[in-house]
């Protein structure tokens, strides 16, 4: 897929702990911040108050819980291949089956 022109907001949801509950070091999030800053010229990291994510594990199994730090990037172009590669890298670094990323079209008011 080619790059998507326009103004975009890309959000990344990064877990604060490993699957066994061990907190990731601050350096792990600093590295993501630095990489996104270098690639896009700016980044916002919501790291002071991690968000709580809940999802159903399966019928009768209750809900799973995760705390996440959100990173946001505003950009004029989105390269889906670059983001797919970056997601795979983050999934490996953070030992996750999937790192959630969302992309929104922006209309500046």
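The values are calculated or read from the model by the stated rules, or taken from the named source; none is laboratory data. These numbers come from a predicted model, not from an experiment. Note that we place each Cβ from the backbone using ideal geometry, even for glycine, and neighbour counts take in every protein chain shown.
Data for the structure
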| read-out | value |
| --- | --- |
| Qualifying residue in segment 90-99 (condition: closer than 15 Å to residue 32 by Cα and free of Cβ contacts under 8 Å to residues at least 24 places away in the same chain) | yes |
| Residue list for segment 35-61, restricted to those being at pLDDT 90 or above and more than 18 Å from residue 99 (Cα to Cα) | 37, 38, 39, 40, 41, 42 |
| Test: residue in segment 80-88 that is in contact with a strand residue (DSSP E or B) (Cβ under 9 Å, 6 or more places away or on another chain) and at pLDDT below 90 | no |
| Any chance residue 29 is in contact with a strand residue (DSSP E or B) (Cβ under 7 Å, 6 or more places away or on another chain), at pLDDT 95 or above and closer than 16 Å to residue 82 by Cβ | no |
| Tally of residues being more than 17 Å from residue 47 (Cβ to Cβ) and in a helix (DSSP H, G or I) across segment 70-99 | 12 |
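One line per residue, one yes/no per condition, for (1) within 26 Å of residue 20 (Cα to Cα); (2) surrounded by 13 or more Cβ atoms within 10 Å (Cβ to Cβ); (3) modelled with pLDDT of 95 or more:
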residue: 63; (1), (2), (3): yes, no, no
residue: 94; (1), (2), (3): yes, yes, yes
residue: 101; (1), (2), (3): yes, yes, yes
residue: 109; (1), (2), (3): no, no, no
